[in-house]
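A quick write-up on the structure given underneath.
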Amino acid sequence: MTRKQWIEIWVGMFVLMGIIALAVVAFKVSNFQGLQERSSYQVHALFDNIGGLKERAPVKLSGVVIGRVNEIKVDPDTYFAKVSMSIYDDFDQLPIDTSASILTSGLLGDQYIGLNVGADDLFLKEGDRIELVQSAIVLEDLIGQFLTKFADSGE
Amino acid sequence: MKQPVLNALGHIGRQTLGILAQWGRAGLFLLHLLPALPYSVYRLELLIKQVYFTGVLSLPIILTAGLFVGMVLSLQGYNVLVDFNSEEAVGTMTALSLLRELGPVVAALLFAGRAGSAMTAEIGLMKSTEQLSALEMMAVDPRKFVFAPRFSATLIVMPLLSLMFIAMGILGGYMVAVGWLGVDEGAFWSQMHASVDWREDAVNGIIKSVAFGVLIAVIALFQGEDAVPTSEGVSGATTRTVVQSSLGILALDFVLTAVMF
């Protein structure tokens, strides 16, 4: 084989190695999920305090991720925080009285939305609102309550 | 009495004007180079040759350096994290530092020293042996056939090299953490997978490496073209390429980090 062909073979191997490295970084190291999002439907919930919940936080059912938070804003009518989340289509049989609570993974971990399944025969669908909610537990409020109770019992 | 002061002022002024003129020439050089860039696709064999010279021949140093950087990161991270009983996070730490900073930056620094300096020396020598003028005499535009393939090759090679650097670094980190220090293998990968974001960490790192590629290519090619056509001038230009691109990479890295993260 000529020198020119060898150069081409080496360059081919080089580019291939680069692509393999990219694939390792994308799939083994980071959470690359392709450009298209998994097909999903939107529901929302109103919380009076979301604590440290962030967009793209996971929505979990029994600890399994079944969706993502995609928007957090203040509802202009009620002044509550309106959290929109997309739930993957595989999980389209959530009863309409499912409740949502903002939980923390571990003591200091990130916050996520945990769903508790209800018992209704009707299922949540695109655009529905989750009525039963439990807001984030704010540590400062908890300490405040504890101190008030402590002071009361001391009298 | 007045003369030394005036001389000193004149010296400062001359230096400043010299630097400004060089910046201006570099800007014009880039401006004239841009329209020639598509020609690197027409003459594919020139581009392939440059990818070989800049990329393939840089592989040994990039892969070895990546492996050792990853091993050191993992070792140092373990020593700190083990105090908090969270040595599994060493994978996350290695991967994040490599993807966000060390991969693009160290790969670019090595590339500037290994390939950028060679590019400047080659073009400087072409200029001093009047090969560039000879091409122009034959109505062949050296921008299209000398500069454009080298510029495009750098743009292609830089992100690939930094990805390989990162992959080797993570492999090195894995070997030290799991193989030697006894971190749990499952936790090592799953924690890394959970905390490294594709868009936020990986893509930003790749964007950085492309930006460094542009910087190195512009400096290396311009210094070669702008070199005084003597052996002394070429050696000075080579030194300037390494110094300026290294400083430029570190400064640009700060700016990009401030914008991205």
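General observations
- Residue mean of other protein chain beta carbons inside 10 Å, B:186-195: 2
- Selection of trypsin sites (Lys or Arg not before Pro), region A:48-90, meeting DSSP coil and at most 14 other Cβ within 10 Å: A:LYS54, A:ARG56
- Springs join every pair of Cα atoms under 10 Å in this Gaussian network model of chain B, and among B:LEU75, B:LEU17, B:LEU31 the largest mean-square fluctuation is at B:LEU17.
- Residue-count net charge about B:ARG143 - beta-carbon cut-off 11 Å; Lys, Arg +1, Asp, Glu -1: -1
- Angle in degrees between helix A:139-154 and the longest Cα principal axis of chain A, rounded to the nearest 10: 30
- Relative contact order [Cα under 8 Å, 6+ residues apart], region B:9-145, whole percent: 30
- Number of Lys-Lys pairs in the protein assembly as shown with C-alpha atoms under 25 Å apart and a separation of 8 or more places or on different chains: 18.
- Peptide B:56-62 has a mean of 2 when you count, residue by residue, the C-beta atoms of other protein chains within 10 Å of its C-beta.
- Residue with peak Gaussian network fluctuation, chain B [Cα springs, cutoff 10 Å], from B:PRO60, B:PRO104, B:PRO142: B:PRO60
- Spatial offset of region A:125-155 relative to region B:10-84 amounts to 54 Å, using the alpha carbon center of each.
- Listed residues B:PHE147, B:PHE165, B:PHE84, most fluctuating in chain B (Gaussian network, C-alpha, under 10 Å): B:PHE84
- Here the relative contact order of chain A, from alpha carbon pairs under 8 Å that lie six or more residues apart, stands at 24 percent.
- Tilt relative to chain A, helix A:3-23 - C-alpha long axis, 0 to 90 degrees, to 10: 10
- Relative to the longest principal axis of the Cα atoms of chain B, the long axis of helix B:44-54 lies at roughly 70 degrees.
- Each 5 Å bin from zero holds the following percent of Cα-Cα pairs in chain B: 1, 6, 11, 14, 15, 13, 10, 8, 7, 6, 4, 2, 1, 0, 0, 0.
Only the coordinates and a few stated rules stand behind these numbers; no lab work does. Note that the structure is a prediction, hence the values are computed from the model and not measured. Neighbour counts are summed over all protein chains in view; Cβ atoms, including those assigned to glycine, are modelled from backbone coordinates with ideal geometry.
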